[in-house]
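Take a look at the structure below.
The values are calculated or read from the model by the stated rules, or taken from the named source; none is laboratory data. Predicted, not measured: the structure shown is a model, and the values here were computed from it. No Cβ is skipped: glycine too gets one built from the backbone with ideal geometry, and neighbour counts run over all protein chains shown. In case anyone asks, the SASA skips ligands and DNA or RNA and just uses the protein heavy atoms, side chains included. Shrake-Rupley method; radii C 1.70, N 1.55, O 1.52, S 1.80 Å.
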Amino acid sequence: MPANQGSLPGVRVWSLPALLAFALAPGAALPAPSPPPGASPAAPSALGFTDGRAGQSLDGAWHVIVDPYDNGSLDYRNQPRPNGYFADAKPKNKSDLVEYDFSRSPTLNVPGDWNTQRPDLLYYEGTVWYERTFDAAAGPKDARQFLQFGAAAQRAMVWLNGRRLGAHEGGFTPFAFEVTGRVRPQANSLVVMVNDTRRLGAIPAMNTDWWNYGGLTRGVRLVETPAAFIRAARVELAQGDAHRVAGTVALDGARGPTAVTVEIPEVHTRVTVDTDAQGRAAFSFPATLSLWSPESPRLYDVDISAGGDRVRDRIGFRTIETHGTELRLNGRPIFLRGISLHEEALGRGGRATSRADAEALLGLAKELGCNFVRLAHYPHNEEMTRAADRLGLLVWSEIPVYWTIAWDDADTLADARRQLAEEIARDGNRASIILWSVGNETPVTEARTRFLRTLVEDARAADPTRLLTAALEHHPSGPHQITIDDPLGADLDVIGLNEYVGWYDGLPAKCDGLTWRSIYQKPIVVSEFGADAKAGFHADALTRFSEEYQADLYRHQLAMLRKVPAVRGMSPWILVDFRSQRRPLPGVQDGWNRKGLVANDGTKKQAFWILRDAYRGLAH
Ligand code: GCU
């Protein structure tokens, strides 16, 4: 991808110091400093297993105030307001001056981005205040309560009944705050300041080829737990032994060693172990299970109980490994017949949020003959990864360390590390996920490689069972040869390769005489290739943006990649056309990247069938 834009001069960015200065309103705690290099990233705040827990969904219509000047938090001297919008105030009497009123303000749906809910917000970037009130029936004595957010793009600060709970940076991973003892029986005021201003030091940073959707883009829940509860657990096949199940459990609030039972009822097997004083335990037990695969996506109910708490998850069991340039699923070589996709709803557009949205997108991938999807460029919502488990689609999941990042900024690194930890904590039990990707098309510099190596180490420490990759760049090494020798390749299990031969690099026929050289004896997944085509625009195969050009490019690409033995998978760019602020071409792009094999309205382009047929050939 040729770099052609720098950061926008004069853009007012919501800097972390400003955010913190505001956060230091009375009663606020100072957020933890960045962990020193080598120290593990901050523990994710989100709870596992919330679906089955008592509590209530807070989704629906929320009142909003669109606040481009951050008037709700800063006064005319840019100083934090002691009585900002977070107070959710009402005039005490006719003379009392309050210049906002959530209850009479318009509403937006949660979950959802603000951009596609109101035409005047399509291009809006900045702060939007969300507010809703809720009643909460008193729970059992000693019960604890948490407010859990599926995601808030790109950062959020949360208040309950006027008291600040905390902040979260990063638009694609969950977070939670404990509110035990702070919830009233009636009329609780929940205020969330959401901001999606692009920042040089953020992840992602200033420039992305996807729409900067803002808002409470995933569900919000008040979650109730016992005093001591199962906060997280990982259950998978034991390393190197597909006849044993192993894992870890982390309790929260346990007063000393506690008995934990892990059970797979369908195969009548269970184990009970005691936690240590911190409520942590590791376990393993023999189990004869049908292994999960795209052809047979077998999931099992897994029950975990400890003290008075009990949770259930649907989990598949499989092994994934590399062997030289081979990829092996459950010990057998596999070719990843994939496609890339963004988390955008088919037809409706905007962020995909629901089970139905996920099944519509992944259903298309299945129709294409895929056994693999690359969920680009950020962790998609949990409906998507759970649907991949059910439908039998292997998954490449990544954090938005994309293009140009502040590689030398300690806060930026801490942010990336936390997003990675939150992604792995949320989806560690998803059998479908086989690859964690730590970066996309990042420049080969020492600072960058150091940055990404830290992420690779974190991922290996948090999850030694999955493969690590990144979408690497490449360079010509002769008139008809391209070489992959990115130094980061040495740290990865699988080489991801983005290449646009025939679109940004020459015409499709350029593929014919090209050879690929990798200095690594590792599997290559071609994580991107493709061409824009406006659905319904027909011309000869050399006319850009025509369906014929795109179809021809797929023919040449597939023929070229078939000749590269180390290529063990691909996820062409991309399943469906998607919105991008970088694509203005009138009458063709109009704010959409048109590299989809399917238009956003569901119309399939010629290349869809070419890839489908190729995958049918590969499947047999
Ligand atoms: C890049 C990038 C994508 C982008 C694509 C394109 O490779 O990773 O995010 O959309 O190229 O140019 O279409």
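Per-structure values
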quantity: Residue satisfying all of: in region 201-258; under 29 Å from P111 (Cβ atoms) and among the basic types (K, R); farthest from the ligand (Cβ to nearest atom) among these; calculated: R231
quantity: All strands (runs of 3 or more DSSP E) inside region 417-485 with 1 or more residues being within 27 Å of P297 (Cβ to Cβ) and open to solvent by less than 50 Å² (accessible area, probe 1.4 Å); calculated: 433-440, 467-472
quantity: Tally of residues being part of a strand (DSSP E or B) and either open to solvent by less than 50 Å² (accessible area, probe 1.4 Å) or of a type in the set (V, I, T) (or both) across region 56-94; calculated: 8
quantity: Among (1) in contact with a Gly (Cβ under 8 Å, 6 or more places away or on another chain); (2) surrounded by 22 or more Cβ atoms within 10 Å (Cβ to Cβ); (3) within 27 Å of T116 (Cα to Cα), the one test that M570 misses; calculated: (3)
quantity: Failed item, numbered, when I574 is tested on (1) within 16 Å of the ligand (Cβ to nearest atom); (2) closer than 18 Å to L618 by Cβ; (3) β-branched (V, I, T); calculated: (2)
quantity: Qualifying residue in region 236-243 (condition: in a loop (DSSP other than H, G, I, E, B) and within 30 Å of A490 (Cβ to Cβ)); calculated: yes
quantity: Some residue of region 506-516 being part of a strand (DSSP E or B), closer than 19 Å to F335 by Cβ and away from the ligand (no atom under 16 Å from the Cβ); calculated: yes
quantity: Index of the failed condition, G496 passing every other in (1) assigned to a strand (DSSP E or B); (2) open to solvent by 10 Å² or more (accessible area, probe 1.4 Å); (3) not hydrophobic (A, V, I, L, M, F, W, C); calculated: (2)
quantity: Filter result (open to solvent by 20 Å² or more (accessible area, probe 1.4 Å), in contact with a strand residue (DSSP E or B) (Cβ under 6 Å, 6 or more places away or on another chain) and not hydrophobic (A, V, I, L, M, F, W, C)) within region 215-235; calculated: R221, E224, P226, R231, R234
quantity: Strands (runs of 3 or more DSSP E) contained entirely in region 295-410, each with at least 3 residues that are crowded, with 22+ Cβ neighbours inside 10 Å and within 16 Å of the ligand (Cβ to nearest atom); calculated: 336-341, 372-375, 394-398
quantity: Which numbered condition D540 fails, given (1) touching a strand residue (DSSP E or B) at 6+ places or on another chain (Cβ under 7 Å); (2) away from the ligand (no atom under 14 Å from the Cβ); calculated: (1)
